[in-house]
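Working notes for the structure below.
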Amino acid sequence: MRQVFADHGASRGLALGRARVRLSRALEVGERHVPAAQVGAEAQRLQHALDAAREEMRALREKLQGALSDEAVEFVDLHALLLDDPELIQALDGLIRQERYSAGYALRVQRDRLAAVFERMDDPYLKARLDDLDHIIGRIHAHLYRREPAPRSTAGEVLVCDNVAPSELIQLQAQGVVAVVSAAGSPLSHSAILARSLYLPLVVGATEALDRINDGDVLMVDGESGRIVLDPDAADLRDYRARRQQEARERRGLERLRSKPTRTLDGTDIVLYANAESREDMARAHAVGAAGVGLYRTEFLFLQREELPDEEEQFLAYRDAVLAMGGRPVTFRTLDLGADKADRAGLALANEDNPALGVRGVRLSLLYDEVFDTQLRAIARAAAYGPLRVLVPMVSCREELLIVRRRLRRAVAAVRRRGVAVEPPPMGAMIEVPAAAIGVHGLLDAVDFLSVGTNDLVQYLLAVDRNNDALGGLYSPLHPGVLRLLAHVIGAGARHGTPVAVCGEMAGDPMLAPLLLALGLREFSLHPANLLELRRAIRDCDLSALQARADKLLQARDRAAIERWLQAAVPA
Ligand code: PEP
Ligand code: MG
């Protein structure tokens, strides 16, 4: 019978397929003890299951090598590391040998102990790592009880599960799975990040759907809105076909824009940069004709590992990014760790009462002289291979910029002493802190460019945590205060002759392009997957008509008025 579930979209795309339900409830093993004489054999049984799981990960890694980005392969490596973790192995062995638990029960007890630790963590990023742990425990468990091979998902299926691990997503897509519906997970999880980069539709938070859907049911999944239709009727199917055709038409139309300029109807050229870190992103940025990379989040190099990347490793990563863009500038944002981005090496402070207002971004870099200088030297060395810029995150005052500028010059001088002929690269500030936005006049002569990080600026300006689902619609850039502040920053940059870009998610939303153009924005930086759509939206805009209506936009008193302005701005 037709039913509709409204859950959370985590990776956009429309899919129609048969459900394959997979529950890891098998882990609900009851308490079982083994006789003293069988303890050794039980420990060995666990050992074999661990070996088999490791072999499986090794084979998977081999298969993926070269086929996917380093970021994707890192997920597999993370799971392989967990499987080799001596603490996990010793704890399991102890539970079997000392408590005489069955291997399955030991696995469950240890999983629950670790889960309790993860659940107490405040950091949503670390909390989301419980998914990785569950995935690994599930793999060991499957080998422990495996009598027949686990059912393989097949082409045309929608995987419906309580949880999905990043490394699985890659496999699933290769097998032809068309979408994933998961009860657990969040748009912040690694799985969601990876699903988006694989263009695999993913819906999370689907607990009720998981209870109602059975193997073989037909599902229509919308990874953007999070809507799932179980047993779609004729009207749903018609709608699905129409939307797919529409999508295909749009894709073809967009492809034609690859080599077209980003020019408004009345002839003003707009600069579109890409937000890119992985090799895939760079290739996409190139393919869609991005003007360069406007935001390269260097902290991604630091997030997944326990040792800090040294100067050489960072240099190679930055150099390759510069080479990949073939002469178009790459903007390296210096380390933006802290708050919701905790690294495993422990640079980000663990016990701050208010981490979003704590030691993050440039504040953290200025706390660790050697780490920061190493990064600046690595960037300076990469400058020998092509144009690059340095972007400083979470700036709140002019003094920070003056210090970074001095440090950057020193790093360049150190590199030059080694015989590498480089000039100090242009340096810019992220505008994310309201005081930096309001007092932007004090920063202008200390920078070569500005980039507005609306993701953080909106959260700080509205006092709305960007990661807190409970605050729902309160987190929105469509607030009169946000628009006025953006107009203020963009206007100050234009009067001073300093380029201003927006690199937060807002810049990637084609619906908001008329609004940002009306506020005076001429440079956007966004994920390359959205770049052609944004180009099309901008090419449909009449800039002078938008400018004529800018005052009205700035007079808007609430979100409804801003939305009405936007509706009137969209060409019929
Ligand atoms: C922002 O805050 O808008 C931004 C681009 O930085 P991040 O999302 O990495 O904090
Ligand atoms: Mg930010």
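The values are calculated or read from the model by the stated rules, or taken from the named source; none is laboratory data. Because the structure is a prediction, the values reported are computed rather than measured. Ideal geometry is used to build each Cβ from the backbone, glycine not excepted, and the neighbour counts take in all protein chains shown. These accessible areas exclude ligands, DNA and RNA; they are computed on the full protein's heavy atoms, side chains included. Shrake-Rupley method; radii C 1.70, N 1.55, O 1.52, S 1.80 Å.
Selection over segment 319-329 of residues that are crowded, with 17+ Cβ neighbours inside 10 Å and not hydrophobic (A, V, I, L, M, F, W, C) gives a count of 3. For segment 342-383, filtered to residues that are touching a residue at least 12 places away in the same chain (Cβ under 8 Å), out of contact with any strand residue (DSSP E or B) (no Cβ under 9 Å at 6 or more places or on another chain) and among the charged types (D, E, K, R), the residue that is surrounded by the fewest Cβ atoms within 10 Å (Cβ to Cβ) is 344. Of all residues in segment 156-214 being among the polar types (S, T, N, Q), buried (at least 19 other Cβ atoms within 10 Å of the Cβ) and touching a residue at least 40 places away in the same chain (Cβ under 8 Å), which is farthest from residue 7 (Cα to Cα)? Checked segment 156-214; the qualifying residue farthest from residue 7 (Cα to Cα) is 167.
For segment 288-318, taking the residues that are over 21 Å from the mean Cα position of the chain (by Cα) and open to solvent by less than 60 Å² (accessible area, probe 1.4 Å), the one that is farthest from residue 339 (Cα to Cα) is identified as 289. When restricted to residues that are over 22 Å from residue 381 (Cβ atoms), assigned to a strand (DSSP E or B) and of a type in the set (Lys, Arg), segment 319-353 contains 1.
Looking for something more than 20 Å from residue 341 (Cα to Cα) and in contact (Cβ under 8 Å) with a residue 60 or more places away in the chain - is there at least one such residue anywhere in segment 117-132? Among the residues of segment 117-132, not one is more than 20 Å from residue 341 (Cα to Cα) and in contact (Cβ under 8 Å) with a residue 60 or more places away in the chain, which makes the answer no.
What number of residues in segment 415-444 are within 16 Å of ligand 2 (Cβ to nearest atom) and either open to solvent by less than 10 Å² (accessible area, probe 1.4 Å) or among the basic types (Lys, Arg) (or both)? Total satisfying the criteria: 7. Among the residues of segment 333-345, those identified as within 13 Å of ligand 1 (Cβ to nearest atom) and of a type outside the set (Val, Ile, Thr) are 333, 335, 336, 337, 338, 339, 340, 341. Restricting the first member to segment 390-411 and to residues that are closer than 15 Å to residue 441 by Cα and assigned by TED's automatic domain parsing to the domain that holds residue 341, and the second to residues that are assigned to a loop (DSSP other than H, G, I, E, B) and more than 15 Å from ligand 1 (Cβ to nearest atom), the beta-carbon pairs closer than 9 Å and six or more apart or on different chains are 395/443; 395/447; 397/439; 397/443; 398/439; 398/443; 401/443; 401/447.
Of everything listed in (1) farther than 30 Å from residue 463 by Cα; (2) part of a helix (DSSP H, G or I); (3) open to solvent by 20 Å² or more (accessible area, probe 1.4 Å), the single unmet condition for residue 412 is (3). Only one of 489, 482, 447 is more than 24 Å from residue 404 (Cβ to Cβ) and open to solvent by less than 20 Å² (accessible area, probe 1.4 Å); which? The unique qualifying residue is 482. Filtering segment 159-171 for residues that are farther than 24 Å from residue 82 by Cα and among the charged types (D, E, K, R) leaves an empty set. When segment 273-286 is limited to residues that are touching a residue at least 60 places away in the same chain (Cβ under 8 Å) and in a helix (DSSP H, G or I), the one that is surrounded by the fewest Cβ atoms within 10 Å (Cβ to Cβ) turns out to be 279. Just one of the listed residues (100, 108, 61) is in contact with a His (Cβ under 7 Å, 6 or more places away or on another chain) and either basic (Lys, Arg) or at pLDDT 85 or above (or both), and it is 100. When you check residue 356 against the structure, is it part of a helix (DSSP H, G or I), closer than 25 Å to residue 293 by Cα and within 16 Å of ligand 2 (Cβ to nearest atom), yes or no? When the stated conditions are applied, residue 356 does not pass them.
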